[in-house]
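Encoded as structure tokens, the structure appears first; notes follow it.
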Amino acid sequence: MNSLASTTCAPLLVQGIAPEDRIPIRQKIAFSLGVNMDIVATALMLKTLWMPVFNIGLGMSPIVLGGILMVFRAWDAFTDPVMGSISDNARTRWGRRRPFMFVGAFTTALIYPLFWYLPPAWSDPAKAVALTVVGILFFTSYTAWSMPYYGLQLELTPDYDERTRLAAWGTLFAKIGYLACGWILLFIIYLGTLASGKAGTVDGQDFGSGIAAAIQPFLAWITHAKAGENLVVVGMRATCWLISIAILLFGLCPAIFVKERYYRVEASRQPKTPFLANLRQSFQCRPLRHLICLSFFLIVGSASIVTLGQYSNFYYVCGGDLAKGAMISGVKSSVLIVAGLIAIPLLTWCSERFDKRAIVIAMLVFGITGHLANFFLMTPAHPYWQVASGVVEAVAITAIWMFMPSMKADIADWDEHQTGNRREGSINAFYSWFSKAAHTLALGIGGVAIFVSGFDAKLPVQTEASVNRMFYVYLVLPVLFWGVALLFAWFYPLSRASAADIRSELEARRGKI
């Protein structure tokens, strides 16, 4: 078997894992499809669409937009742990997680389009209030799906390596989702062009003038396109409905087809734990604190430069040509997806020979090196050279986020050993709270960085000083935070041997599950 398909599936072949610990292939696929719910519902909006649509498209202040996102995360700080505790304490004929996921998929899909129909004539304060209200509704609904979903991930198998293999499946499906996300801005611009009654081309490329002529009236109707409107804003009004459908389909798959392993045997019989007691126990979980700090600084370093990276590509490399920048982003994304897919078998092979902690440390060092290479490779003279440094970062980030869920599952066993209860929902919610706090801080830092750089969306051409300042902040800022993440990875306390000892003691106490 020498095909690419067989290569990418290599980490999914189970060897050396007890049959009773294996997750059925159908459940692995159904669960992994749910990863794309997270991508299309939140990651795509926050990392790719938020600033281009509302800052470049509608001219809203990046400081205001960063502040709105901080409000969303502050709201999550309340709803995540509450939902995690509710999920752990739920007792229904369908389990603790699945009913919330089923309802949450529907409500999240219904609310999503409301973001993208802000009237351009509204004042900036009115737009900010509207975005805040819709966002609070949206993220409340999404939390009702996501906290049970990621809690469910921690209880699908008790095996140290099968947990990583499940994460490998999720990473594989996520790469496919991110492949589509890499081209989304170009797609949005194209739909905006059609809806506005312009030619069916972007950056001189014809994407099918016959089809364009056929769908133009429908696009104009669904987007309410007006003369002079920004193409990104118009195109997003059409694209949001496709994303909403994707949210529904990806969100329902794990809710319908995945079973809860621990519920009937153990979790349904354990006493309910009060909310404050859940918080206290989560705070006292030492391995969880280490993993949280590692993730916190990794996220701050990565998320604080997402928009800076986009803008550096648009303005530093491409001289303000958004269509050209979107094309490069699409090509780069595709190459990075392939690199990430090829890395999955190697990473899974490594995971069965080394501790997860050791691999995360190595990948952090690898990622820092790749990012600093942008000093030489991200250049206006050779705009596509940035793909090379991106490949290094893609492999490193793929590895780190592939191992995080598996490490959380190991921590859930450590926590059961200490508390006597299965608390996957609360553990994940506590972890998620700090992850979202990191995103909040990062978005604030990113908005301030754009403002300090002197970028002005209302200017037809950015100043050279502003563009250069933006690029150097993009280059240096994440390295500082990733260095701190490396320190916490070094002191992470769980190993393969300690995880095996914990499982043996748990099974001696309450039997195998």
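Where a number appears in this text, it was derived from the coordinates with a stated rule and is not lab data. This one's a predicted model, so the numbers in the text were calculated from it and none came from an experiment. Virtual Cβ from ideal backbone geometry, glycine too; neighbours counted across all protein chains shown.
Extending 7 Å from Cα along the Cβ direction at TRP94 and again at ARG286 yields two label points whose distance is 4.1 nm. Across segment 32-112 the C-alpha pair distances fall into 5 Å bins from zero in the proportions 3, 12, 15, 21, 20, 13, 8, 5, 2, 1 percent.
Straightening the chain between ILE245 and PHE451 buys 70.7 nm, computed as 0.36 nm per residue apart minus the Cα-Cα spacing. Membrane-span-like helices of the chain, defined as complete DSSP H segments with a Cα extent of 30 Å or more along the helix axis and a mean Kyte hydropathy of at least 0.0, are identified as 62-89, 124-153, 160-182, 231-257, 322-351, 386-419, 424-453, 464-490. Between THR369 and PHE354, the modelled labels are 1.1 nm apart [label points 7 Å from Cα along Cα→Cβ].
Between ILE222 and ALA497, full extension at 0.36 nm per residue minus the direct alpha carbon distance yields a gain of 93.2 nm.
Filter the cross-link list LYS175/LYS332; LYS127/LYS324; LYS259/LYS436 down to pairs whose alpha-carbon distance in this structure exceeds 23 Å.
LYS127/LYS324; LYS259/LYS436
Please say if segment 333-489 is rounded, prolate or oblate, where rounded means a/c under 1.5 for a ≥ b ≥ c the square roots of the C-alpha gyration tensor eigenvalues, and otherwise the choice is prolate for a/b larger than b/c and oblate otherwise? Because a/c hits 1.5 or more and a/b fails to exceed b/c, segment 333-489 counts as oblate.
Starting from segment 407-513, pick out the trypsin sites (Lys or Arg not before Pro) whose DSSP state is loop and whose Cβ has at most 13 other Cβ atoms within 10 Å.
Filter output for segment 407-513: LYS458, LYS512.
Net length available on complete extension from ILE215 to VAL129 is 27.6 nm, with 0.36 nm assigned per residue and the Cα-Cα distance removed.
Summing charges over neighbours of ALA339, with a neighbour being any other residue whose Cβ is under 14 Å away from its Cβ, gives +1 when K and R count +1 and D and E count -1. A cut-off of 5 Å between modelled amide H atoms, ignoring neighbours fewer than 5 places along the same chain, links THR379 with TRP385, GLN386. Under the combined filter of DSSP loop state and at most 15 neighbouring Cβ atoms within 10 Å, segment 137-200 retains these trypsin sites (Lys or Arg not before Pro): LYS198. Fewest neighbouring Cβ atoms within 10 Å first, the residues ASP456, ASP80 line up as ASP456, ASP80. Indicate the gyration tensor shape class of segment 127-197 (rounded, prolate or oblate), computed on the Cα atoms with a ≥ b ≥ c the square roots of the eigenvalues: a/c under 1.5 is rounded; otherwise a/b larger than b/c is prolate and the rest oblate. Oblate shape, in that a/c is at least 1.5 and b/c is the bigger or equal ratio.
The alpha-carbon positions of the chain define a convex hull whose volume is 144 Å³ per residue.
Take the Cβ-Cβ distance between PHE376 and LYS458 as r, set R0 to 35 Å, and report the resulting FRET efficiency rounded to the nearest 0.05. Approximately 0.60, to the nearest 0.05. Ignoring aspartates and glutamates fewer than eight residues from LYS47 along the same chain, the ones with Cα atoms less than 19 angstrom from its Cα are ASP38, ASP76, GLU393. The label point for TYR384 and the one for ALA277, both projected 7 Å from the Cα toward the Cβ, are 6.2 nm apart.
Could you tell me whether segment 281-366 comes out rounded, prolate or oblate from its Cα gyration tensor? Rule is a ≥ b ≥ c as square roots of the eigenvalues, rounded for a/c under 1.5, then prolate if a/b exceeds b/c, otherwise oblate.
Oblate, since a/c reaches 1.5 and b/c is not below a/b.
For a paramagnetic label modelled at 7 Å from the Cα of HIS417 toward its Cβ, which residues of segment 367-411 fall within the zone defined by backbone nitrogen distances under 11 Å? Only 410-411 fall inside the zone, counting backbone N under 11 Å. Among the trypsin sites (Lys or Arg not before Pro) in segment 26-116, those located in a DSSP loop and surrounded by at most 12 other Cβ atoms within 10 Å of their own Cβ are ARG91, ARG93.
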